[in-house]
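Asker: Handing you a structure now.
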Amino acid sequence: MKSLVTSIFAFALAATPILSLVVHPCPEYVPGVFSNPFAATAPALNGTYLLASNSVGVLVTGQGLAAFTYGSDIPLGLWGAGPTADGCPGYVFLDAPSKTAAYSVLTWNATSTTNWNAATGGYLTMLGGVPSSNFLACKKADSDTDYVLFLQIDPVIPSSLETSEGDIIPSTACVPTKILVTHAFGIQL
């Protein structure tokens, strides 16, 4: 019996490198998706919702389905919208790094530096620094689809805004809006 246990143990140790190549290191967890709860409120943006495009915060047409984590004074997470810290599928988080004293760009990152209030029936509000729930949805000159989102910090909007990719958008191509949290489906903490 001792010889059998020793043989099994030796085989397991020998097979470990081979098995590690076969077994995928990422978990196979996929969260449930629900209708997107983050709707723009400006009449000109009717039917647009917060999402990600190339790790940038954007408004897209149509509610669609997504898996968010959100709540009061916590990071806002979106499943599968960009690279995660470990390279596995997972949540990325909406951040609002300050670009100027007047506005912040919105990016989705593997780790969060921004907390948000996202209570059902209220407006999405960045906390810390200068709290704000005022957004600017701006159209790039060469785009007829998504609106790039900025968080407005100062009431005076500059004549142009710079995206996280370095594109310059004139403020005349922007629509002020708020983002309404329409419902509590998904994981609300």
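Asker: Consider Asp73 against the criteria (1) touching a Ser or Thr at 6+ places or on another chain (Cβ under 9 Å); (2) open to solvent by 60 Å² or more (accessible area, probe 1.4 Å); (3) part of a strand (DSSP E or B): it satisfies all of them except one. Which criterion is unmet?
Answerer: Failed condition: (1).
Asker: Then there is this: I'm checking my understanding of the structure. Among residues of the range 52-65 that are in contact (Cβ under 8 Å) with a residue 40 or more places away in the chain and part of a strand (DSSP E or B), which one is most open to solvent (accessible area, probe 1.4 Å)?
Answerer: So, considering only residues that are in contact (Cβ under 8 Å) with a residue 40 or more places away in the chain and part of a strand (DSSP E or B), the one most open to solvent (accessible area, probe 1.4 Å) is Thr61.
Asker: Would you say Thr120 is surrounded by 18 or more Cβ atoms within 10 Å (Cβ to Cβ), β-branched (Val, Ile, Thr), part of a loop (DSSP other than H, G, I, E, B) and in contact with a strand residue (DSSP E or B) (Cβ under 9 Å, 6 or more places away or on another chain)?
Answerer: no
Asker: Of all residues in the range 174-184, which are open to solvent by less than 40 Å² (accessible area, probe 1.4 Å) and either among the basic types (Lys, Arg) or modelled with pLDDT of 95 or more (or both)?
Answerer: Cys174, Val175, Thr177, Ile179, Val181
Asker: Answer yes if at least one residue in the range 23-33 is in a strand (DSSP E or B), surrounded by fewer than 21 Cβ atoms within 10 Å (Cβ to Cβ) and on the phi < 0 side of the Ramachandran plot, and no otherwise.
Answerer: No: zero hits.
Asker: A further question on this structure: Output the residues belonging to the range 71-94 that are touching a residue at least 60 places away in the same chain (Cβ under 8 Å) and under 18 Å from Pro27 (Cβ atoms).
Answerer: Asp86, Gly87, Cys88, Pro89
Asker: Considering only the range 134-150, I want to know if a residue exists there that is in contact (Cβ under 8 Å) with a residue 12 or more places away in the chain, small (Gly, Ala, Ser) and open to solvent by less than 40 Å² (accessible area, probe 1.4 Å).
Answerer: Yes - at least one qualifying residue is present in the range 134-150.
Asker: Taking the conditions exactly as written (more than 18 Å from Ala118 (Cβ to Cβ), modelled with pLDDT under 90 and surrounded by fewer than 21 Cβ atoms within 10 Å (Cβ to Cβ)), does Asn46 satisfy them or not?
Answerer: When the stated conditions are applied, Asn46 does not pass them.
Asker: Restricting to the range 90-108, what's the tally of residues that are surrounded by fewer than 19 Cβ atoms within 10 Å (Cβ to Cβ), outside any loop (DSSP other than H, G, I, E, B) and either in contact with a Pro (Cβ under 9 Å, 6 or more places away or on another chain) or modelled with pLDDT of 95 or more (or both)?
Answerer: Result for the range 90-108: 0.
The values are calculated or read from the model by the stated rules, or taken from the named source; none is laboratory data. Please read these numbers as outputs of a predicted model, since none were measured by experiment. Every residue, glycine as well, gets a Cβ built from its backbone with ideal geometry; the counts of neighbours run over all protein chains shown. SASA here: full protein model, heavy atoms, side chains in, ligands and nucleic acids out. Shrake-Rupley method; radii C 1.70, N 1.55, O 1.52, S 1.80 Å.
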